[in-house]
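The values are calculated or read from the model by the stated rules, or taken from the named source; none is laboratory data. Everything numeric in this text was worked out from a predicted model, so none of it was measured. Don't worry about glycine lacking a Cβ; one is built from the backbone with ideal geometry, like all the others, and counts go over all protein chains shown.
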């Protein structure tokens, strides 16, 4: 949009061009009334026309340069007015002052927004670490009870869910912050998988869901903590929507696949399951879905540079795949 059409330039300066033409006509009429030879009149008008064309052409080129410079400013991600060309026209000077005022206000708003975001991240981080203490204490008290009946197991399960929601809130806050704590290194994929499975082992036992896990034997370049968080979310989803049957973890080609024999996902919901806050038919029926788990998984894997896809058939199960391009 940095180009200026000559027609637009003429339209913007039409009043001055018409004024010049009117002045030429007035001078021509005066010369004719004074019986000046027609040849001299035409010569003078032609000379004036050539000079006007040169002036208009020069001004048009200068206008194009200014507009191109402004287009470059607009296209820049971080707008800076340091390279803005100086001008002598009073109106343009006022516009430049207005631009500088707006730029300063924008930078101040960005600074305040960044400060609020950092404070919010720090608050939620502190809150999650603080809430983990009473959760851990409650878990110990419940586990120490001699009567570990079905009710006690339900209480432990709900407490585990509270802990997962707290970690999800922390993960969302950190993911949205200006900087993340990614630490990339090559590691054994099986170690991350086993840690996630160990975390959900009691949920497998309580729901009587069998696990089929085939060790991958792969080394991947990733962040251990964030990949573990994603695997935990995917296992949590698989357990939530698998009332009976099994969950299979295997490696095919360059993709880690987690397949469950649960209720599956409706075909019309599949394209949107990774959208923020979208719960779909199953989430609305479950009434406990937050619509944030798969969104976090998709966003984290994108930042880690891993592929992510979901296939499902309603009533037969769901398969999620994490693709590692570096294998």
(message) With the requirement that a residue be over 20 Å from residue 317 (Cβ atoms) and under 28 Å from the mean Cα position of the chain (by Cα), what does region 210-267 give you?
(response) 220, 221, 222, 223, 224, 225, 226, 227, 228, 229, 254
(message) Test of understanding: among 258, 193, which residue is modelled with pLDDT of 90 or more and outside any helix (DSSP H, G or I)?
(response) 258
(request) Can you confirm whether region 3-20 contains a residue that is out of contact with any helix residue (DSSP H, G or I) (no Cβ under 8 Å at 6 or more places or on another chain), closer than 29 Å to residue 95 by Cβ, touching a residue at least 60 places away in the same chain (Cβ under 8 Å) and surrounded by 10 or more Cβ atoms within 10 Å (Cβ to Cβ)? (result) no
(message) Yes or no: region 227-247 includes at least one residue that is over 26 Å from residue 154 (Cβ atoms), touching a strand residue (DSSP E or B) at 6+ places or on another chain (Cβ under 8 Å), assigned to a loop (DSSP other than H, G, I, E, B) and assigned by TED's automatic domain parsing to the domain that holds residue 188.
(response) no
(message) Just the residues that are touching a residue at least 40 places away in the same chain (Cβ under 8 Å) and touching a helix residue (DSSP H, G or I) at 6+ places or on another chain (Cβ under 7 Å), please, taken from region 257-275.
(response) 258, 260, 262, 263, 265, 266
